[in-house]
Amino acid sequence: MLLVSIAVTVTIGPANLSVRDVYAVILEHWGIGTSGLTPLQNGIVWELRLPRTLLAAVCGAGLALCGAIMQSLLRNPLADPFVLGISSGASTGAVMVAVLGVGGGLLSLSTGAFVGAVVAFVAVVALAAGAGGGTAKVILAGVAGTQLFSALTSFIVMSSADAEQTRGVLFWLLGSLSGADWTDVVLCGAVTLFGIVACLLVASSLDAFTFGNSAAASLGVSVRKIRILLLTVTALITAALVSAAGAIGFVGLVLPHAARFLVGPRHGRLLPATALVGAIFMVWVDAVARTLFAPQEIPVGVVTALIGVPAFALILFRMRRTS
């Protein structure tokens, strides 16, 4: 389904290109035949549509995977990748580069976002450790970190940005794949693949976490080491994806529940299924975002929120019935 989704959505767009034209360009870059199209048409397919579609798949897979990890690790069905304040930190870092010119022009928006995400993660973990550790302290520290960095971002934008900068920053903060390139695809894809492999290696430990930290420890799981490993992997994946695509919400919150419905709670099946479901979802969301009001583009974060909020409400009602 993922391969079919990518194959279909890469042919969708406002440019006047037929399905045959699109695949002729792709085959030409693979060394098979020639497309006969202009450099502009060639670039639309190879430099815009294809990397954007692939990055959408990577972002969906990574964010959904992080959501499944956070929900299992914190034993909270409403946890998502941004519970550690990583998204807010990335936003602050990006705004500091774009508006304040931090780095003297040597840092890109994505680099600033990544550095901000890492700083936010370190601050939240340090705060949680100082408060005594534990899953509840991590969530509370994440809430505090999110509010702090969100306030810093708003302060910088309101005090230093002009109208054009404010519009650009707002569009990025809502989540956008419009600037996707092959570098983003390779870097984000490598980080996400590393995260999937690392998480699958400790899938049995995640199953043990379902019964609580004490039960996991009694089963021989090194609770502290596994928690640090998974929190770090989640932070790295989220930081990389947010730095490339901005803050895309609700993917990590909703998609793990859909995957559990399909394959059950065992993490050996749940983690790859969650990644695949997230990738398929984001590929189609991006196709809708860039074509629904073409040539005007909707931030993908807006579309995911419009879909995610009703799903979030459904999860809350299900929790109420089972409690």
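The values are calculated or read from the model by the stated rules, or taken from the named source; none is laboratory data. As the structure is a computational prediction, the values presented were derived from the model and not from experiment. A quick note on method: Cβ atoms are made from the backbone with ideal geometry, for glycine too, and the neighbour counts reach across all protein chains shown. Quick note on the areas: whole protein, heavy atoms, side chains included, nothing else; ligands and nucleic acids left out. Shrake-Rupley method; radii C 1.70, N 1.55, O 1.52, S 1.80 Å.
Identify, please: which residue in region 290-316 is open to solvent by less than 50 Å² (accessible area, probe 1.4 Å) and without any contact (Cβ under 8 Å) to a residue 24 or more places away in the chain and is, among those, farthest from residue 177 (Cα to Cα)?
313
Suppose we keep only residues that are under 23 Å from residue 10 (Cα atoms) and open to solvent by less than 50 Å² (accessible area, probe 1.4 Å) within region 270-280. Which one would you say is farthest from the chain's Cα centre (by Cα)?
In the first step, residues of region 270-280 are kept if they are under 23 Å from residue 10 (Cα atoms); the result is 273-280.
Going one step further and asking which of them are open to solvent by less than 50 Å² (accessible area, probe 1.4 Å), we end up with 273-275, 277-280.
On the way: 273: 16, 274: 13, 275: 11, 277: 13, 278: 10, 279: 10, 280: 13 Å.
Applying the filter and picking the extreme gives 273.
Yes or no, residue by residue, for (1) surrounded by fewer than 24 Cβ atoms within 10 Å (Cβ to Cβ); (2) in contact with a helix residue (DSSP H, G or I) (Cβ under 7 Å, 6 or more places away or on another chain); (3) of a type outside the set (A, V, I, L, M, F, W, C):
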residue	(1), (2), (3)
8	yes, no, no
18	yes, no, yes
32	yes, no, no
43	yes, no, yes
58	no, yes, no
69	no, yes, no
73	yes, yes, no
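Tell me, which residue of region 256-269 that is open to solvent by 10 Å² or more (accessible area, probe 1.4 Å) and among the aliphatic types (A, V, I, L, M) is nearest to residue 62 (Cα to Cα)?
Taking region 256-269 and keeping what is open to solvent by 10 Å² or more (accessible area, probe 1.4 Å), we get 257-258, 260-266, 268-269.
From what is left, the residues that are among the aliphatic types (A, V, I, L, M) are 258, 262-263.
Numbers: 258: 15, 262: 19, 263: 18 Å.
So, considering only residues that are open to solvent by 10 Å² or more (accessible area, probe 1.4 Å) and among the aliphatic types (A, V, I, L, M), the one nearest to residue 62 (Cα to Cα) is 258.
Find the residue count for region 8-47, including only residues that are in a helix (DSSP H, G or I) and either farther than 26 Å from residue 288 by Cβ or touching a Lys or Arg at 6+ places or on another chain (Cβ under 8 Å) (or both). Lay out the reasoning, then the answer.
Just the residues of region 8-47 that are in a helix (DSSP H, G or I), to begin with: 8-9, 19-29, 39-47.
Cutting the leftovers down to either farther than 26 Å from residue 288 by Cβ or touching a Lys or Arg at 6+ places or on another chain (Cβ under 8 Å) (or both) gives us 22, 27-29, 39.
Number satisfying all stated conditions: 5.
Could you check residue 72 against (1) within 22 Å of the chain's Cα centre (by Cα); (2) of a type in the set (Gly, Ala, Ser); (3) within 25 Å of residue 299 (Cα to Cα) and say which number it fails?
Of everything listed in (1) within 22 Å of the chain's Cα centre (by Cα); (2) of a type in the set (Gly, Ala, Ser); (3) within 25 Å of residue 299 (Cα to Cα), residue 72 misses just condition (3).
Of everything in region 108-122, what is closer than 19 Å to residue 172 by Cα and open to solvent by less than 70 Å² (accessible area, probe 1.4 Å)? Give them in sequence order. Break it down into steps so the answer makes sense when it comes.
Taking region 108-122 first, the residues closer than 19 Å to residue 172 by Cα are 108-118, 120.
Scanning region 108-122 gives 108, 109, 110, 111, 112, 113, 116, 117, 118, 120.
Testing residue 235 on (1) open to solvent by less than 30 Å² (accessible area, probe 1.4 Å); (2) small (Gly, Ala, Ser); (3) under 15 Å from residue 60 (Cα atoms), one condition comes back false. Which one is that?
Among (1) open to solvent by less than 30 Å² (accessible area, probe 1.4 Å); (2) small (Gly, Ala, Ser); (3) under 15 Å from residue 60 (Cα atoms), residue 235 violates only (3).
Can you pull out every residue in region 211-220 that is outside any helix (DSSP H, G or I) and either open to solvent by less than 20 Å² (accessible area, probe 1.4 Å) or among the aromatic types (Phe, Trp, Tyr) (or both)?
Kept after step one, since they are outside any helix (DSSP H, G or I), are these residues of region 211-220: 211-212, 219-220.
Passing the criteria: 211, 212.
Considering only residues of region 59-83 that are in a loop (DSSP other than H, G, I, E, B) and among the aliphatic types (A, V, I, L, M), which is modelled with the lowest pLDDT?
Initially, region 59-83 is screened for residues in a loop (DSSP other than H, G, I, E, B), giving 74-80.
With among the aliphatic types (A, V, I, L, M) added as a condition, the list becomes 74, 78-79.
Details: 74: 82, 78: 76, 79: 80.
Top of the filtered list is 78.
Taking only region 84-101 into account, find how many residues are part of a loop (DSSP other than H, G, I, E, B), open to solvent by less than 60 Å² (accessible area, probe 1.4 Å) and farther than 23 Å from residue 230 by Cβ.
Of the residues in region 84-101, the ones part of a loop (DSSP other than H, G, I, E, B) are 85, 99-101.
Then keep just the ones that are open to solvent by less than 60 Å² (accessible area, probe 1.4 Å); that gives 85, 99, 101.
From what's left, farther than 23 Å from residue 230 by Cβ: 99, 101.
So the answer is 2.
Based on this model, can you work out whether residue 157 counts as of a type outside the set (Lys, Arg) and within 30 Å of residue 227 (Cα to Cα)?
Here the answer is no, as residue 157 does not meet what is asked.
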